[in-house]
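The structure under discussion appears below in the form of structure tokens.
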Amino acid sequence: MHKESRTVAFLTLGCKVNQYETDGMAQLLEKAGYRVVTLEEGADVTIVNTCAVTNIAERKSRQMMRRAKEKNKNTVLVAAGCYIQNVENTLEELPEVDLFLGNNQKNHIVAFLEEYFQNQQRCNHRIDVNHTSEYEEFSIGATREHTRAYVKIQDGCNQFCSYCIIPYVRGRVRSRELEDIIKEVEQLATEGYREIVLTGIHISSYGVDWKERQITLLTLLQRLQLVDGIERIRLGSLEPSVITEEFVTGIAGLPKICPHFHLSLQSGCDATLKRMNRHYTTAQYQKKCELLRQQYGNPALTTDVIVGFPGETEEEFEATCDFLEKLNLYEMHVFKYSIREGTNAARMPAQVDGNEKHKRSERLLAMTRQQKKRFEEEFIGTEEEILIEEEKQIGGNLYYVGHTRHYLNVAVPKELFEESEKPFGKCFLGKIDGHLEEGWLNISQIRLGEEFS
């Protein structure tokens with residue numbers, strides 16, 4: 001079978017970085033003559049891009065691989081990514097897999113598949129990512145979304161939080177060449193994308209592996225500000241350490257940066273943070289939030305919180321609750337601690353009971369629902385910039401939906417536009433007048449702002 005007539009299906013687990021790399025593999029294979037199809041259609045090649053962030057993620061990765069082979073026993077099954085990087089004896093443990101593709105090897109997918117089709121032998125393509133300084137380059141010309149594109153700027157992590165396996169399966173920090181990022185973003189702009197989201201394993205570390213070159217995340221943002229056609233730049237998850245006066249003052253002078261910042265917290269108790277090997281205190285984290293609020297007034301601040309970390313007592317959890325009440329963030333993503341074999345936290349004593357984790361999680365989820373609603377209500381009656389992304393049915397009516405610069409979900413009644421008008425990828429000024437169903441905010445009036453015409 002010639003590669004020009006081959007089909008390929010993708011199954012992706014995990015983070016935005018995995019999805020970006022899946023898109024990268026898909027575009028390389030399409031360029032080589034493959035046709036991307038769904039799993040249900042039956043593909044000559046099925047690529048499962050796996051995740052290893054938790055034991056549950058690994059189990060789902062194995063299930064997805066078995067499901068793909070059961071659905072189509074003749075498919076060439078490729079297992080890629082973090083779980084594959086972490087399995088010691090891949091050939092023995094995963095007999096259904098034909099080709100193993102570790103991290104930092106995905107951009108060789110075309111050559112590796114050709115090698116497999118020629119030799120018809122199982123192949124194991126993994127390198128020791130902990131001893132490489134090479135960044136795995138992809139260049140994405142288009143994504144699954146119509147107006148927003150994720151752009152990977154770095155890989156790897158040097159933090160070694162006690163609960164996290166990622167530094168071991170992704171390796172040390174490796175930054176992408178600045179000019180390659182700019183070139184990709186310029187291409188995305190020509191394709192009609194208006195918003196980019198910078199993503200990576202630890203984007204706050206961008207440039208730390210180039211100390212002699214003095215390139216930082218701020219340097220990159222200053223260059224991206226100059227790309228014509230891109231109207232919004234959104235940052236992925238940030239470490240508190242990157243939020244300095246110099247950084248905040250610098251980004252405040254870049255009008256394309258959205259006032260929406262995800263600062264990873266994990267716990268509001270200093271003793272728990274120390275066991276997690278997080279490199280800040282609650283007082284330092286609060287100061288970072290204050291710096292952003294001083295410059296942006298009312299930015300959307302979001303975070304991650306882990307409940308039930310080993311040794312977390314009732315008193316420590318109460319300290320977290322008190323701290324989060326005081327911070328009053330826009331939104332919290334709450335996770336129940338899950339033992340991750342191979343990490344220091346998995347060996348810690350005083351593992352918290354599952355029922356207790358659930359109870360603590362429910363309490364924080366109730367808190368974040370209240371805080372989120374309060375934050376959104378502050379925008380009712382205001383006129384905000386909205387970027388239209390897609391059409392959606394809400395409560396039986398048709399809307400054009402999108403986000404504000406603060407990442408508020410907004411919906412514009414379709415009748416506010418001319419019947420023939422297609423507003424996707426366009427920015428408007430819209431007046432927010434209240435809540436709809438499913439967490440959407442209603443836009444009652446729109447106008448094309450002078451700055452968008």
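The residues of the chain present an accessible area of 44 Å² per residue when probed at 1.4 Å with all protein chains retained. Considering only alpha-carbon pairs that sit under 8 angstrom and 6 or more positions apart, the relative contact order computed for the chain is 10 percent.
The Cys residues in the chain with no partner Cys Cβ within less than 4.7 Å of their Cβ are Cys15, Cys51, Cys82, Cys123, Cys157, Cys258, Cys269, Cys289, Cys321, Cys427. In a fully extended conformation the segment linking Glu418 and Lys287 would gain 42.4 nm over its present Cα-Cα distance, using 0.36 nm per residue. Each residue, Glu186 and Asn409, gets one label point 7 Å from its Cα in the Cβ direction; the gap between the two is 3.8 nm.
From the Cα gyration tensor of region 295-453, with a ≥ b ≥ c the square roots of its eigenvalues, which class applies: rounded if a/c is under 1.5, or else prolate if a/b is larger than b/c, or else oblate? Cα axes put region 295-453 in the prolate bin. On the basis of the beta-carbon distance and an R0 of 56 Å, Lys326 and Ser5 show a calculated FRET efficiency of 0.35.
The lysines within cross-link reach of Lys106, meaning a Cα-to-Cα straight distance under 30 Å and a gap of 8 or more places when in the same chain, are Lys3, Lys16, Lys31, Lys60, Lys69, Lys71, Lys73, Lys152, Lys183, Lys211. Taking 0.36 nm per residue of separation and subtracting the Cα-Cα distance, full extension of the segment from Ala350 to Lys16 would add 117.0 nm. Only the Cβ atoms of Lys and Arg (+1) and of Asp and Glu (-1) were treated as charged; on that basis the dipole of the chain about its Cα centre amounts to roughly 860 debye. Counting only DSSP H runs of at least 4 residues, each contributing -39500 (n - 2.57), and dividing by the residue count of the chain, the helix-based mean residue ellipticity at 222 nm comes to -10000 deg cm²/dmol. The smallest convex shape that holds all Cα atoms of the chain, its convex hull, gives 165 Å³ per residue. Give me the compactness ratio for region 1-143, meaning the Cα radius of gyration over 2.2 N^0.38 Å. Compactness ratio reported: 0.96. Beta bridges per DSSP, both residues in the chain: antiparallel share near 40 percent. Counting protein heavy atoms only, the chain has 47 percent of its accessible area on carbon and sulfur, 1.4 angstrom probe. Note on Lys431: lysines with a C-alpha under 20 Å away, same-chain residues under 8 apart excluded, are Lys372, Lys373, Lys392, Lys414, Lys422. Placing a label point 7 Å from the Cα of Ile339 along the Cα-to-Cβ line, the residues of region 295-322 whose backbone N sits under 16 Å from it are 308-312.
The values are calculated or read from the model by the stated rules, or taken from the named source; none is laboratory data. This is a predicted model, so every value here is computed, not measured. Note: ideal-geometry Cβ built from the backbone for every residue, glycine included; neighbour counts use all protein chains shown. Only protein heavy atoms, including side chains, enter the accessible area calculation; ligands, DNA and RNA are left aside. Shrake-Rupley method; radii C 1.70, N 1.55, O 1.52, S 1.80 Å.
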